[in-house]
1. Which of the helices (runs of 4 or more DSSP H) contained wholly in segment B:3-104 include at least 3 residues that are touching a residue at least 40 places away in the same chain (Cβ under 8 Å) and under 28 Å from A:ARG100 (Cβ atoms)?
2. B:GLN67 - would you say it is out of contact with any helix residue (DSSP H, G or I) (no Cβ under 6 Å at 6 or more places or on another chain) and not basic (Lys, Arg)?
3. In segment B:29-60, how many are basic (Lys, Arg) and modelled with pLDDT under 90?
4. On the given criteria, is B:SER62 within 24 Å of A:ASP9 (Cα to Cα) and crowded, with 16+ Cβ neighbours inside 10 Å?
5. When residues of segment B:16-35 are filtered for being surrounded by fewer than 16 Cβ atoms within 10 Å (Cβ to Cβ) and polar (S, T, N, Q), how many remain?
Protein chains: 2
Amino acid sequence: MIDTHPDRDQIQLQDVLSALANPLRMTIVRALATGGEQSCGSIVEGVSKSTLTRHWRVLRDSGVIWQQPSGRENLLSLRHDDLEARFPGLLDTILAAADREDGR
Amino acid sequence: MIDTHPDRDQIQLQDVLSALANPLRMTIVRALATGGEQSCGSIVEGVSKSTLTRHWRVLRDSGVIWQQPSGRENLLSLRHDDLEARFPGLLDTILAAADREDGR
């Protein structure tokens with residue numbers, strides 16, 4: 001496990017909102033919410049590796065995702081349970097708002 | 001009325017999250033949520049006017065607040081009804097998360 005994941009109780013609201021206040025990171029989070037655990041390379045296309053690395057770090061350091069090495073890749077998953085325990089309803093409400101904005 | 005307020009249907013989730021992903025703006029929004037309409041000068045102290053002007057603009061342009069001239073001041077109020085209609089539960093869930101983080 002990469003060691004910059006905050007503990008559940010250390011997750012900060014400002015960090016979570018900042019992490020989600022970016023269209024690419026929101027796309028990633030929605031893909032993980034829908035599809036479950038995925039490898040870094042399979043979620044978004046057409047974005048440079050260095051850009052993605054930066055976004056994974058923001059998502060990881062804010063407590064929004066787990067990023068775990070797996071062979072030559074990293075596996076990503078949403079920290080849904082931790083976020084739900086820390087800030088009940090927050091992630092689901094934001095995801096619902098994103099769906100609503102898309103007309104889904 | 002200052003004319004950069006977005007219509008209800010034009011409020012964007014990313015803009016709302018960005019607006020709230022800042023400690024001073026969150027403090028302002030929480031003060032408006034608790035105390036209702038207030039004048040610009042009465043909400044926060046010890047912050048320069050130019051800094052506050054920038055924060056009012058972000059809050060206004062994102063659709064989070066109304067900012068209306070009133071005599072020599074501006075009156076601020078939360079666009080709670082518009083946000084609730086656009087993204088149900090979003091603002092209240094974020095405010096509850098902020099309270100929870102503070103241990104309230």
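The values are calculated or read from the model by the stated rules, or taken from the named source; none is laboratory data. Here the structure is a predicted model, which means the values were calculated and not measured. FYI the Cβ positions are ideal-geometry reconstructions off the backbone, even for glycines, and counts take in every protein chain you see.
1. Values: elements: B:13-20, B:23-35, B:40-43, B:49-61, B:80-86, B:90-101.
Hits in segment B:3-104: B:13-20, B:23-35, B:49-61, B:80-86, B:90-101.
2. Details: out of contact with any helix residue (DSSP H, G or I) (no Cβ under 6 Å at 6 or more places or on another chain): no; not basic (Lys, Arg): yes.
Considered against the rule, which asks whether it is out of contact with any helix residue (DSSP H, G or I) (no Cβ under 6 Å at 6 or more places or on another chain) and not basic (Lys, Arg), B:GLN67 comes out as no.
3. Pass one, segment B:29-60, residues basic (Lys, Arg): B:30, B:49, B:54, B:57, B:60.
Then keep just the ones that are modelled with pLDDT under 90; that gives B:49.
Of the residues in that region, 1 qualify.
4. Numbers: within 24 Å of A:ASP9 (Cα to Cα): no; crowded, with 16+ Cβ neighbours inside 10 Å: yes.
No.
5. Residues in segment B:16-35 being surrounded by fewer than 16 Cβ atoms within 10 Å (Cβ to Cβ) and polar (S, T, N, Q): 2 in total.
Here's the yes/no breakdown for (1) more than 23 Å from B:LEU13 (Cβ to Cβ); (2) within 10 Å of chain B (Cβ to nearest Cβ):
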position	(1), (2)
A:THR4	yes, no
A:GLN10	yes, no
A:VAL16	no, yes
A:ILE28	no, no
A:THR34	no, no
A:GLN38	no, no
A:ILE43	no, no
